[in-house]
1. Can you report the number of residues in the range 51-68 which are crowded, with 22+ Cβ neighbours inside 10 Å, on the phi < 0 side of the Ramachandran plot and out of contact with any Gly (no Cβ under 7 Å at 6 or more places or on another chain)?
2. Got a sec? Which of Val173, Val139 is in a strand (DSSP E or B), modelled with pLDDT of 95 or more and more than 21 Å from Val280 (Cβ to Cβ)?
3. Among the residues of the range 276-284, is there at least one that is in the same structural domain as Tyr212 (by TED's automatic domain parsing), of a type in the set (D, E, K, R) and surrounded by fewer than 20 Cβ atoms within 10 Å (Cβ to Cβ)?
4. Kindly list, by first and then second residue, each pair from a residue in the range 66-91 that is not assigned by TED's automatic domain parsing to the domain that holds Gly33 to a residue that is at pLDDT 95 or above and charged (D, E, K, R), limited to pairs with Cβ atoms under 6 Å and residues at least 6 apart or on different chains.
5. Give the residue, chosen from Phe165, Phe227, Phe172, that is without any contact (Cβ under 8 Å) to a residue 60 or more places away in the chain and touching a Cys at 6+ places or on another chain (Cβ under 6 Å).
6. Pro106 versus (1) surrounded by fewer than 24 Cβ atoms within 10 Å (Cβ to Cβ); (2) in contact with a Gly (Cβ under 8 Å, 6 or more places away or on another chain); (3) more than 13 Å from Gly279 (Cα to Cα): which is the lone unmet condition?
7. Those residues that are surrounded by 19 or more Cβ atoms within 10 Å (Cβ to Cβ) and either part of a loop (DSSP other than H, G, I, E, B) or not aliphatic (A, V, I, L, M) (or both), I need them from the range 362-372; list them, please.
Amino acid sequence: MTSVDMRTSGALADAERWTAHNYHPLPVVIAEGEGSWVVDIDGRRYLDFLAGYSALNFGHRHPGLIAAAHAQLDRVTLTSRAFVHDQFATFCRELAELCGKDLVLPMNTGAEAVETAIKVTRKWGYQVKGVEAERAEIVVAADNFHGRTTTIVSFSTDPDARADFGPYTPGFVVVPYGDLAALADAITPNTVAVLMEPIQGEAGVLVPPEGYFAGVRALCDDHNVLFVADEIQSGLGRTGRTFAIEHEGVVPDMYVLGKALGGGIVPVSAVAADRAVLGVLRPGEHGSTFGGNPLACAVGTEVVRLLATGEYQRRSARLGERLHDGLTALVGQGLVAVRGRGLWAGIDIDPALMSGREACERLADRGVLAKDTHGSTIRLAPPLVVTADELDHALIQLAAILRP
């Protein structure tokens with residue numbers, strides 16, 4: 001690593017002193033951001049190739065999103081769901097239409113949306129499917145990442161996320177990702193839902209085998225089971241389609257959304273499903289003080305309108321080809337594998353060269369921010385506003401750190 005300037009060093013020391021160590025951030029202290037770029041407190045610019053784990057699909061401080069937030073800040077920011085505000089119905093309607101569903105239930109964080117999906121599908125199982133009380137099961141995939149609540153980590157297979165947080169919530173069955181036979185064996189009369197990521201992000205941007213989700217959809221249909229697609233990271237333009245599951249030609253019973261839905265400004269999440277599913281909820285059974293607040297809805301509506309043009313999906317598809325072509329050219333020159341779709345890639349660095357962490361530190365020294373995941377794997381997810389020149393710049397820096 002190059003020497004760290006004094007302001008950065010002091011800020012890092014303060015963070016280390018006063019915060020719990022639930023993250024291991026790179027030694028960068030960001031002060032400003034615009035588009036695909038951020039600036040640290042010492043004035044150094046970095047190309048952001050993480051984009052807040054896809055929360056910043058539209059880049060830092062997108063003008064239209066900032067304008068929507070400013071306008072709402074001058075009016076009202078919170079009412080609670082004890083009242084209806086004038087931004088609520090518009091957001092829910094336009095998001096439901098984008099998803100092709102009847103209803104939307106807004107929440108705040110992605111984990112809240114996943115918890116909502118769990119509760120709704122269980123209630124649907126008891127009230128509609130007729131599963132015996134307290135017997136509902138949800139099938140999930142190994143190596144999943146759906147959040148960090150105690151219920152969600154109960155079905156994680158990542159020791160870092162799960163260990164020492166028990167006792168764990170029952171009612172989940174874990175199967176290998178991409179294995180249709182294992183899924184078929186796991187479904188019982190008590191199965192109410194299959195909850196999976198169309199592409200597994202935290203696991204290293206793992207793309208399922210071709211035809212896998214068509215098979216998942218067929219199994220769910222055959223057994224009267226809901227298919228829930230967690231599109232928190234993969235959705236909202238990231239892979240070149242509005243939803244990553246579209247690449248499989250499949251429509252889920254429920255979408256779970258978050259991250260980019262808040263435009264990188266406020267936490268916004270939601271589930272979207274038809275009335276036959278979300279209609280099982282009654283007043284008082286589920287809620288959130290901040291869920292669907294006026295500021296969130298104003299920003300979220302503008303996000304939906306940006307996506308409705310199709311511009312960002314087309315950019316992701318077109319520039320994603322450029323990104324993946326450039327990465328594939330590095331296989332055998334320090335990279336051993338490349339995966340992903342659109343502007344989303346998981347790359348495996350030759351572990352004989354360096355770890356993923358070391359690679360990200362070297363990239364940061366060269367002005368590119370990315371994040372490692374397990375071992376020697378790095379996730380790349382530039383904002384969808386990234387330019388071709390910015391992509392090429394990042395690829396040049398990656399190639400440079402891979403040289404002996």
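The values are calculated or read from the model by the stated rules, or taken from the named source; none is laboratory data. A quick note: this is a predicted structure, and the numbers were derived from the prediction, not measured. Because the Cβ atoms are built from the backbone with ideal geometry, glycine has one as well, and the counts that use them run over all protein chains shown.
1. 1
2. Working: Val139 fails: more than 21 Å from Val280 (Cβ to Cβ).
Criteria check complete, one pass: Val173.
3. Yes, some residue in the range 276-284 is in the same structural domain as Tyr212 (by TED's automatic domain parsing), of a type in the set (D, E, K, R) and surrounded by fewer than 20 Cβ atoms within 10 Å (Cβ to Cβ).
4. Once the first residue is not assigned by TED's automatic domain parsing to the domain that holds Gly33 and sits in the range 66-91, its partners that are at pLDDT 95 or above and charged (D, E, K, R) give Ala68/Glu302.
5. That would be Phe227, the only listed residue that is without any contact (Cβ under 8 Å) to a residue 60 or more places away in the chain and touching a Cys at 6+ places or on another chain (Cβ under 6 Å).
6. Condition not satisfied by Pro106: (1).
7. Within the range 362-372, Ala370, Asp372 qualify.
Table: residues versus (1) in the same structural domain as Val268 (by TED's automatic domain parsing); (2) over 30 Å from Thr301 (Cβ atoms); (3) over 23 Å from the mean Cα position of the chain (by Cα).
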position: Gly100; (1), (2), (3): yes, no, no
position: Leu103; (1), (2), (3): yes, no, no
position: Lys119; (1), (2), (3): yes, no, no
position: Ala133; (1), (2), (3): yes, yes, yes
position: Glu137; (1), (2), (3): yes, yes, yes
position: Ala142; (1), (2), (3): yes, yes, no
